[in-house]
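The structure under discussion appears below in the form of structure tokens.
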Amino acid sequence: MTEPLLKVEGLKKYFPVRSGLLGKHTGNVKAVDDISFFVNEGETLGIVGESGCGKSTTGRMLMRLLEPTEGKVTFNGKELTNISKDEMRKARREIQMVFQDPYASLNPRHTIEKILMEPLIVHNIGDPKSRKKKVHDFLEIVGLSSYHAKRYPHQFSGGQRQRIGIARALMTNPKLIIADEPVSALDVSIQAQVLNLMQDLQKELKLTYIFIAHDLGVVRHISDRVGVMYLGRMVELATSESMYAEPLHPYTKALLSAVPVPDPEFKREQIILEGDIPSPSNPPTGCTFHTRCPFKMDICAKDVPQLQEAKTGHFVACHLYNEQLQH
Amino acid sequence: MGERQTILEVKDLQTSFFTDDGVIPSVDHIDFHVREGEILGIVGESGCGKSVTSLSIMGLVPSPPGKITSGQILFEGKDLTKFSEKEMRKVRGNDVAMIFQEPMTSLNPLFTIGNQLLEAITLHKKDWNKKKAHARAVEMLKLVGLPRAEELMNDYPHQLSGGMRQRVMIAMALVCDPKLLIADEPTTALDVTIQAQILKLMRELNERLNTAVILITHDLGVVAETCERVVVMYAGKVVEEGTVDTIFNNPQHPYTKGLIASVPDMRYKKQRLYSIPGSVPKPGSINQGCRFAARCEFVFGRCTEENPPLYETTEGHKTRCFLYDEKEVLADDRAAVKS
């Protein structure tokens, strides 16, 4: 087996909580708490979870837009977590990001041409003439026209802006694209267009995606493998086939059963979880899900379950599967 | 299930906004009705006029620039568009209540939950004393499944989570036993597991209290799981109307078909999503012909010239599309339509 393109080991992000007059450090918000995974070249890894589960923080840490508290990120054989900021900036040529809000992530004072040219200037790619050509080429690739180059972001619809956001990410010919909720601000019919575009681009340009989203249908559609996060931890990681056909973690089961399905004849047993997601500043001990889990055991409040392989390629962090594993 | 009375009938409603660029009809001559105790879904994408419809019913269209320019809104036979502001104030909360998408911004951060609930009660039930009003408020909080209702009365909105706030909003809306509840994207801002809780609550309350609900949403999954009948809106027009089963199993309007086909389904993997080309037209930009014509794959001559009426194809199933005009169907392509 070849080395994965991206490898993440023991990644953590603790945000300090300061209080009092002197701003004493009184605790931590454990936004991401010890997660590990890998992404193979050419595949799409989906990361799903509800608000506050740490999925966006994870995405940002991979690019070091946020400095990890602990852990190691290896990209293409090179460790990203111990290099200088300057080197990191260079490394970002190969890893680019697409953001959720196409309204907030494009500078309203710049023309599309200027927005798209900037990554080329930053990374010192090509000369002015070739840059211009590249901008026009990529506008065509993402389904816009070269005459759009002279326009400003406000002249575009949400879907078109997201196409521009994707074009900007592609300008430096990256290997890996981290897309953080790229379609959640879009209407259904536009969402389908953008998802199809992303799939086409992946095939054409041999891209690897990390696709962060809260919509389980969208994630299934685009991902080869899916990781489910809850309160800063990865609770389950499997191929999307295996995950959706037979979820193992009680949280994943509840999550999947809660998604409304657009088919009035579809009947199923809905698992409705009690209560809310606990605050990450004071997470429950042991398994963070035990406060809402219908299968809670004594051990769950004490020991943190580790992510272990329950079936080939299907990892789960739950004490229910301990026994099965020991046999 | 017997024939149920129609409690709300919207007839030929047009709500326009008077802007510098001219008069823009955001809701353009729509008709639909709600029966007693039923859950009606209104679906559509942004800008289709679904929220303006609900604001029109409540008499809350910001004026100026907005105004109801034609049509009637008959609630139990009385035309709400003719009501004065003072009369409307009695209708709101008492007969028709509304909950909004963002439970964070629809509660006042400076007052306690109890304060706000009591305000709603005392406004409408002038003859109730404090004790009775308080008891009613606590009862409502319990009804919507909130734990420790007594203490919650003294809490401020910021102390509650998003899901709990939405429950408070529902409690507040139902406090005077309205006959109709309008819920405008009530779960859009919530997480999936919390959304499931709120939808379940709304279904239960609908059954228990027999309150009719208009559920406005963009999420077809939510509609399929919650509603009995559906109205599909596009660019200010009702393009299709029918029971949930007919809309999902036998959609007729090309827009409805496209919309359903573009949703990724969690149960299986589609190789490629269907996508409707182009984007939603700017309100007011199309004055002639079918508003979907530019994005429609079945478009033909008539579509850009005449406004299609709503054709009733089977009992209760209506479609605004020339493909279902008898002349056209007889002419040739019934087969093409079905495929």
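The values are calculated or read from the model by the stated rules, or taken from the named source; none is laboratory data. Quantities reported herein were computed from a predicted structural model and do not represent experimental measurements. For neighbour counting, all protein chains shown are included, and Cβ atoms are generated from backbone atoms with ideal geometry for every residue, glycine included.
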Item to check | Where a residue in the stretch A:257-271 is in contact (Cβ under 8 Å) with a residue 24 or more places away in the chain and its partner, wherever it lies, is among the β-branched types (Val, Ile, Thr), with Cβ under 9 Å and at least six apart | outcome: A:VAL259/B:VAL192
Item to check | Enumeration of residues in the stretch A:154-183 that are touching a Gly at 6+ places or on another chain (Cβ under 8 Å) and either at the interface with another protein chain (Cβ under 9 Å from one of its Cβ atoms) or within 19 Å of A:GLU43 (Cβ to Cβ) (or both) | outcome: A:ILE178, A:ASP180, A:PRO182
Checklist entry - Do you know which residues across the stretch B:1-52 are charged (D, E, K, R), touching a residue at least 24 places away in the same chain (Cβ under 8 Å) and more than 19 Å from B:GLN288 (Cα to Cα)? => result B:ARG4, B:GLU9, B:LYS11, B:ASP31, B:ARG35, B:GLU36, B:GLU38, B:GLU45, B:LYS50
Checklist entry - Of the residues that sit in the stretch B:230-250 and are within 11 Å of another protein chain (Cβ to nearest Cβ), farther than 16 Å from B:ARG291 by Cβ and not β-branched (Val, Ile, Thr), which one is surrounded by the most Cβ atoms within 10 Å (Cβ to Cβ)? => result B:PHE248
Next on the checklist: Give me the residue from the stretch A:184-243 that is among the charged types (D, E, K, R) and out of contact with any strand residue (DSSP E or B) (no Cβ under 9 Å at 6 or more places or on another chain) and, out of that set, nearest to the other protein chains (Cβ to nearest Cβ).
Outcome noted: A:ASP187
Checklist entry - Going by the conditions given, is A:PRO250 surrounded by 21 or more Cβ atoms within 10 Å (Cβ to Cβ), more than 7 Å from every other protein chain (Cβ to nearest Cβ), at pLDDT 85 or above and out of contact with any strand residue (DSSP E or B) (no Cβ under 6 Å at 6 or more places or on another chain)? => result yes
Item to check | Selection count, the stretch B:211-229, where residues are away from chain A (no Cβ under 12 Å), buried (at least 22 other Cβ atoms within 10 Å of the Cβ) and over 30 Å from B:GLY289 (Cα atoms) | outcome: 2
Next on the checklist: Condition first: hydroxyl-bearing (Ser, Thr, Tyr) and over 22 Å from A:ALA149 (Cβ atoms). Now tell me which residues in the stretch A:161-215 satisfy that.
Outcome noted: A:SER184, A:SER189, A:THR208, A:TYR209
Item to check | Selection count, the stretch A:23-45, where residues are farther than 14 Å from A:GLY227 by Cα and without any contact (Cβ under 8 Å) to a residue 40 or more places away in the chain | outcome: 4
Next on the checklist: I need the full set of residues from the stretch B:273-287 which are more than 7 Å from chain A (Cβ to nearest Cβ), of a type outside the set (Lys, Arg) and surrounded by fewer than 20 Cβ atoms within 10 Å (Cβ to Cβ), in order please.
Outcome noted: B:PRO277, B:GLY278, B:PRO281, B:GLY284, B:SER285, B:ILE286, B:ASN287
Checklist outcome for this item: Flagged pairs (Cβ under 6 angstrom, 6 or more apart or on separate chains; first in the stretch B:146-168, free of Cβ contacts under 8 Å to residues at least 40 places away in the same chain; second of a type in the set (Lys, Arg) and surrounded by 12 or more Cβ atoms within 10 Å (Cβ to Cβ)) are B:LEU146/B:ARG167; B:ALA149/B:LYS142
Item to check | Matching residues, the stretch A:146-198, being closer than 16 Å to A:PRO102 by Cβ, in a loop (DSSP other than H, G, I, E, B) and not hydrophobic (A, V, I, L, M, F, W, C) | outcome: A:ARG151, A:TYR152, A:SER157, A:GLU181, A:PRO182, A:SER184, A:ASP187
Checklist entry - How many residues does the stretch A:211-237 hold that are small (Gly, Ala, Ser) and more than 22 Å from A:ALA310 (Cα to Cα)? => result 2
Checklist entry - Which numbered condition trips up A:PRO260, out of (1) facing chain B (nearest Cβ under 9 Å); (2) within 19 Å of the chain's Cα centre (by Cα)? => result (2)
Item to check | Index of the failed condition, A:ASN196 passing every other in (1) under 17 Å from the mean Cα position of the chain (by Cα); (2) over 29 Å from A:GLU9 (Cα atoms); (3) not hydroxyl-bearing (Ser, Thr, Tyr) | outcome: (1)
Checklist entry - Across the stretch B:251-272, which residue is nearest to the chain's Cα centre (by Cα) among those that are farther than 16 Å from B:TYR311 by Cβ and more than 7 Å from chain A (Cβ to nearest Cβ)? => result B:ALA261
Next on the checklist: I'd like the full set of residues that are free of Cβ contacts under 8 Å to residues at least 40 places away in the same chain, touching a strand residue (DSSP E or B) at 6+ places or on another chain (Cβ under 7 Å) and of a type in the set (Ser, Thr, Tyr), limited to the stretch A:46-91.
Outcome noted: A:THR81
Item to check | Cross-chain or 6+ apart pairs with Cβ under 8 Å, the stretch A:108-123 first and in contact (Cβ under 8 Å) with a residue 24 or more places away in the chain, then among the hydroxyl-bearing types (Ser, Thr, Tyr) and crowded, with 16+ Cβ neighbours inside 10 Å | outcome: A:PRO119/A:THR172; A:LEU120/A:THR172; A:HIS123/A:THR172
Checklist outcome for this item: Here the residues within the stretch B:62-77 that are surrounded by 13 or more Cβ atoms within 10 Å (Cβ to Cβ) and within 21 Å of B:HIS29 (Cβ to Cβ) are B:PRO65, B:GLY66, B:LYS67, B:ILE68, B:THR69, B:SER70, B:GLY71, B:GLN72, B:ILE73, B:LEU74, B:PHE75
Item to check | Of residues in the stretch B:103-154 being of a type in the set (Asp, Glu) and under 26 Å from A:GLU274 (Cα atoms), the one surrounded by the fewest Cβ atoms within 10 Å (Cβ to Cβ) | outcome: B:GLU151
Next on the checklist: I'd like the residue in the stretch A:283-299 that is β-branched (Val, Ile, Thr) and assigned to a loop (DSSP other than H, G, I, E, B) and, out of all such residues, is nearest to A:VAL316 (Cα to Cα).
Outcome noted: A:THR288
Checklist entry - Looking only at the stretch A:51-72, which residues are surrounded by 21 or more Cβ atoms within 10 Å (Cβ to Cβ) and of a type in the set (A, V, I, L, M)? => result A:MET61, A:LEU62
Next on the checklist: Of everything in the stretch B:232-252, what is closer than 20 Å to B:ASN287 by Cβ and not hydroxyl-bearing (Ser, Thr, Tyr)? Give them in sequence order.
Outcome noted: B:MET233, B:ALA235, B:GLY236, B:LYS237, B:VAL238, B:VAL239
Item to check | Residues within the stretch B:199-210 that are surrounded by 21 or more Cβ atoms within 10 Å (Cβ to Cβ) and either closer than 20 Å to B:ASP12 by Cα or out of contact with any Ser or Thr (no Cβ under 8 Å at 6 or more places or on another chain) (or both), tallied | outcome: 0
